[in-house]
Amino acid sequence: MEASPDLSLNSRPPILMRNASFTTRRFLLLPLFLMMLGGMQSHILCLGQTPPDDLQSGSVKIPSQEAELKPYLQRLVDQLDHEESYLREEASRQLDQIAKETNRPEMVARLLQAMISRPEVSFEVRFRLRRILKELPEVAIEVTEEIEEGEMARLVQLLEADNYSTRVGAKARLDRLAYAEAYAHELLVALKSKLAQRGLPPDSLNHLQKLYETAKGTWALALLKDPSLEEALLEVTEEQIAGWARRMGGDLHQREVAQRELIDLLIRGGDYIQQVRDGIEKELAENEELSPEARLQMNDLIQQTQPAMVAEYWAIEESSTTGTSRKHRGIQHLLIDVPQLGPGALRPSHFDYCDDERAHCVSGNSLSPGDYPVHRAIPHPKDPTSAIFHLVNLPTPRRRIAYDFYIERTPEPERLAEITEKTCLALAESGDALTSNEISMLSILEPNRTSEFVGKYFEQRSLSAAPAEDRPEFSLRLDFEICEYLIEYGTTAAVPGLLKAIENDYFLELSARMPIHVGWMVTFVLIDRDSPEATDAWLAGLISNQDKWLWHDFAEMGDIGSIAAALLLERHQRLPTEFQLERFQVDDAISNSLDDFNVRFPLYRFTDPKGRQKVVRWWQQQKQLNQGRS
């Protein structure tokens, strides 16, 4: 796991912005010639035969529904093993084409991965499918097949089968089943039994240990979701626990066998946690011949019985080549009420309390003493625009193991999306106005969900807040900070809420003091940088709106409808001037303000009211054309 910046580090988070001879060529080409001859012979032998309908050469019509796609793919996969080479090649060609052209790549990947995991699949088919799967996204597979009693143990034994294809097939299936919560404990038992054998080959041992770690994490997650799963397991006596504790004093193999059994009990939880701790502590106190390595392993087990928490450190990075990225930059593991002095830290990181609502910090440099929310983002106190902390409560070994497994297998964007969701829900439920640090923190979170939250935030406040002219200046300033966030990082997920807030007159009215309608300006910036498919309907719906969004005292300004119409026309390669739209200029003050807000769309106004209706009629025709094409 990546090392973490200590919570106590007293620094601001960074912003990162060939010529072969004739003889050689002859021997290289001979196998190719023989292959070609074999292919010709197979075609000659098959003269008069017609390939199945679904294997005719040409374009592939790909089923879009899983019920049709699964048997279609299965026929192609089966055909990869056909005795006729031309049928194998055609099936492979079609599978390649499907991988490149399907609009359901995740579904295709999931179905092909399920097919490749069967032990009876031949080496050639497995080789071809692996190549095709490289063109598809990696997906988590939901295991739906039924596992017969004793099947797990049989699959584990097949890892040492004489037949290579059988070994590879068993490995592929176990690699999949290790993520199946319904079978995790059964696999765990089979793996523990196999790993208890001495003299396993290094390669086999390494794969078995990886399988064990995966099954262990899956089992912990399964128990978190349904604790009643533990009730179906056999009870373990204190005598058994004491026996495993004693074996922790043996050689490395004995210690590892015993440790796996004891960790299994820690995941089960309940009274087993204290019983394991008592057994280990007793052995530590009474066995004076324990090796330093044994004592280290045993103390590590004791630590796993203690309540804990982690502090995740996330940062935003700006790059001229990759743009904006949000990264998990570190993690700090902490035991509750155990001070931890990190390298170079001035003060220890010390939390004396943590539950699923709050954590209490006693000391630290980045976080000051006090209470902090858990399971949601916290702004970095020194630079909230660049980093956040995320505190996670891990009171039991089960939750610690499940958490470690979760962050190892879950992509960072997905984890950040979950943090964002929890944070937005917490902020919305509080009903409070956003603080400046909370607004700054939004830039590190997932933009789409955050934009949706901000739009709804403005909408809700527009229903109860005092008129903008009567609100205090600090409140208006905070609204401007939110708008600045949207202009920099926001998406059109904010637009529905913004339009509602505008309709409810939430933003300041136009005046010489406020020459730009901030709500409309942000709305147009967001719409302008999104795809036409997502936002054309919004623009078309605004064409008739004749409200002003700029203030000027000596020239006729364009209105909402004229800007919307011009944007819509330019997107579809039509000249606004064909519709009585002309560009207009603003004075330097407004121009500078628009530049400050990164407004890049041109400013237009209608010179003839008939132009507006002309745009409406054009759009109706354009929609009909689009529908005809689709």
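The values are calculated or read from the model by the stated rules, or taken from the named source; none is laboratory data. Since we're looking at a predicted model, the values are computed, not measured. In this analysis, Cβ positions are derived from the backbone assuming ideal geometry, glycine residues included, and neighbour counts consider all displayed protein chains. What goes into the accessible areas is simple: the full protein's heavy atoms, side chains included, and nothing from ligands, DNA or RNA. Shrake-Rupley method; radii C 1.70, N 1.55, O 1.52, S 1.80 Å.
Numerical summary
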read-out: Residues within the range 238-265 that are in contact with a Phe, Trp or Tyr (Cβ under 7 Å, 6 or more places away or on another chain) and open to solvent by less than 20 Å² (accessible area, probe 1.4 Å), tallied; value: 3
read-out: Filtered residue count, the range 229-253, keeping only those that are assigned to a helix (DSSP H, G or I), over 24 Å from Arg176 (Cα atoms) and under 39 Å from the mean Cα position of the chain (by Cα); value: 3
read-out: Any hit, the range 471-493, residues being at pLDDT 90 or above, polar (S, T, N, Q) and closer than 21 Å to Ser562 by Cα; value: yes
read-out: Yes/no for Leu498 being open to solvent by less than 20 Å² (accessible area, probe 1.4 Å), under 14 Å from Val518 (Cα atoms) and touching a Gly at 6+ places or on another chain (Cβ under 6 Å); value: yes
read-out: Residue satisfying condition, being touching a strand residue (DSSP E or B) at 6+ places or on another chain (Cβ under 8 Å), of a type in the set (A, V, I, L, M) and surrounded by 15 or more Cβ atoms within 10 Å (Cβ to Cβ), within set Ile516, Ile527; value: Ile516
read-out: Number of the condition not met by Gln613 [criteria: (1) open to solvent by 60 Å² or more (accessible area, probe 1.4 Å); (2) outside any helix (DSSP H, G or I); (3) closer than 16 Å to Ile543 by Cβ]; value: (2)
read-out: Matching residues, the range 461-473, being over 20 Å from Ala512 (Cα atoms) and surrounded by fewer than 17 Cβ atoms within 10 Å (Cβ to Cβ); value: Leu463, Ser464, Ala466
read-out: Residue check, His390 modelled with pLDDT of 90 or more, open to solvent by less than 40 Å² (accessible area, probe 1.4 Å) and in contact with an Asp or Glu (Cβ under 6 Å, 6 or more places away or on another chain); value: yes
read-out: Meets criteria (among the hydrophobic types (A, V, I, L, M, F, W, C) and surrounded by fewer than 21 Cβ atoms within 10 Å (Cβ to Cβ)) for Leu367; value: yes
read-out: Residue pairs meeting the criteria (Cβ under 6 Å; at least 6 apart or on separate chains; first under 14 Å from Thr523 (Cβ atoms) and part of a helix (DSSP H, G or I), in the range 467-492; second modelled with pLDDT under 95 and open to solvent by 60 Å² or more (accessible area, probe 1.4 Å)); value: Ile487/Asn598
read-out: Residues satisfying the stated conditions in the range 556-586, i.e. of a type in the set (D, E, K, R), open to solvent by less than 50 Å² (accessible area, probe 1.4 Å) and in contact with a Phe, Trp or Tyr (Cβ under 8 Å, 6 or more places away or on another chain); value: Asp559
read-out: Flag if Ala426 is open to solvent by 10 Å² or more (accessible area, probe 1.4 Å), closer than 30 Å to Ile267 by Cβ and aliphatic (A, V, I, L, M); value: yes
read-out: Per-region count, the range 370-387, residues assigned to a strand (DSSP E or B), surrounded by fewer than 20 Cβ atoms within 10 Å (Cβ to Cβ) and on the phi < 0 side of the Ramachandran plot; value: 3
read-out: Residue ID - nearest to the chain's Cα centre (by Cα), chosen from residues in the range 590-630 that are of a type in the set (Val, Ile, Thr) and closer than 23 Å to Tyr489 by Cα; value: Val599
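Residue by residue, here is whether (1) crowded, with 20+ Cβ neighbours inside 10 Å; (2) in a helix (DSSP H, G or I); (3) in contact with a His (Cβ under 9 Å, 6 or more places away or on another chain) holds:
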| position | (1), (2), (3) |
| --- | --- |
| Ile273 | no, yes, no |
| Glu281 | no, yes, no |
| Leu284 | no, yes, no |
| Glu288 | no, no, no |
| Ala294 | yes, yes, no |
| Asn299 | no, yes, no |
| Gln306 | no, no, no |
| Trp314 | yes, no, yes |
| Glu317 | no, no, no |
